[in-house]
Structure formats: C-alpha cells, structure tokens
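S.K.: Attaching a single structure in structure tokens format; questions to follow.
Every number here is computed from the coordinates shown, using simple stated rules; none is lab data. The model shown is predicted, which means the values in this text are computed figures rather than measured ones. Using ideal geometry, Cβ is built from the backbone for each residue, glycine included, and neighbour counts are taken over all protein chains shown.
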Amino acid sequence: MNCNRCHAADTKVIESRDVANGKSIRRRRMCSECTHRFTTYERIERPQLVVVKNNDVRELFNRDKLMAGLYRACEKTPVTSLQLEQLVSDVESKLYEGSDSEVSTSKIGQLVMEHLSTLNEVAYVRFASVYRRFKDIESFEKELSDIRKKKDSSSLRS
C-alpha cells in the first residue's frame, strides 16, 4: 500500500479492526518514510449488481453514490459516519442475499428508508422527500403523519 502523502511504497499496518460485522476490515497504516498515518478499508469483492432506475436505465451499483446521498440526508444530525457505513453494509448484504443480479432503485430506497426510520427521523424525512419525490405539501404531511403513527404505536408496545 502506497502512502497517500509521499507515495512511498513502504507502509506498515499499526491496527486492524473488523467493521460491518466482519464484512470489512479497517486498517490504520503508517508510512515508514514520512510517518503519515492513514486509514484503509478492505471489503470482499462480490459480483456486480445492476441497478435499474425508474426510466429503465441500468447502471452498476455504486456504494459511494448511496453513501453520498445518505451524507446529505444526515447532514447536521447526530448520525455518525460509522453508522452510515453500517447502514450501507446492511443494505448491500440484503441486496446480495437476493438471487437477482438486477435490483430496482425502489427496492434500494425502501431498504434504506427502513434503516433510516429507526436511526434518525430527520434523516428519514430528508431521504424520503428525495426518494418519494413529494409533489406537494399534502404528500409531505402524509409521510410525517405515518411516522407519528409508527412512533406512537411503538411507544404503546414499550
């Protein structure tokens, strides 16, 4: 692994840690030349998933694109990067559990929303507003009402 600062080839691993329930390894590395420290992640390479968009355009599943959308939805909330990594890993696992090599954006969006609804309500509403493409204030209010109903029913069970 080359140093991302001085590009020297001699770096050493100073710490390794499993993340995403053992599906990824986080490594802290240090360059032997400039002593710069950096982090790398290793993930198991899986066959490519093809995402089918609403207009029937197909493209390869892009984990980074999903993370970018989640970062925008979680902006100025207490949701951490580690929680987002876990969420995306969980969604990816669900997608790979299916036997299809193609998956619709609606399925991805639904899986993300299921996770976000338990993680942070504000992030959930932000993501839902883009994913569901609310056309007017009534559809937005209906979504908020549904969240309140779920919250009330879960607090009654507790």
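S.K.: Determine the dipole magnitude for the chain: charges of +1 sit on the beta-carbon of Lys and Arg, -1 on that of Asp and Glu, nothing else is charged, the reference point is the Cα centre, and the result goes in debye to the nearest 20. Provide the component values of the computation, followed by the final result.
M.R.: On the way: 29 positive and 24 negative charges, 71 e Å.
Value, rounded to 20: 340 debye.
S.K.: Need one word for the range 1-45: rounded, prolate or oblate. Basis is the Cα gyration tensor (sqrt eigenvalues a ≥ b ≥ c); a/c below 1.5 gives rounded, then a/b vs b/c decides.
M.R.: prolate
S.K.: Percent relative contact order of the range 46-136, based on C-alpha pairs within less than 8 angstrom and at least six residues apart?
M.R.: 36 percent
S.K.: R0 = 30 Å: FRET efficiency of residue 39 with residue 104, Cβ-based, nearest 0.05?
M.R.: It comes out at approximately 0.35.
S.K.: Same structure again: What are the principal axis extents of the Cα atoms in the range 46-136, in Å, biggest first?
M.R.: 34, 33, 18
S.K.: Under a straight-distance cross-link criterion of Cα-Cα below 21 Å, which lysines are reachable from residue 94, leaving out those fewer than 8 residues away in the same chain?
M.R.: Leaving aside lysines fewer than 8 places away in the same chain, those within reach of residue 94 are 23, 53, 65, 107.
S.K.: Now for a different question. Quick one: Cα centre-to-centre distance for the range 101-132 and the range 34-93, in angstrom?
M.R.: 13 Å
S.K.: From the P(r) of the chain, could you give the percentage of C-alpha pairs in the tail past 20 Å?
M.R.: 62 percent
S.K.: Between residue 129 and residue 19, what is the spin-label point distance in nm, taking each point 7 Å from the Cα along the Cα→C-beta axis?
M.R.: Computed distance between label sites residue 129 and residue 19 equals 2.9 nm.
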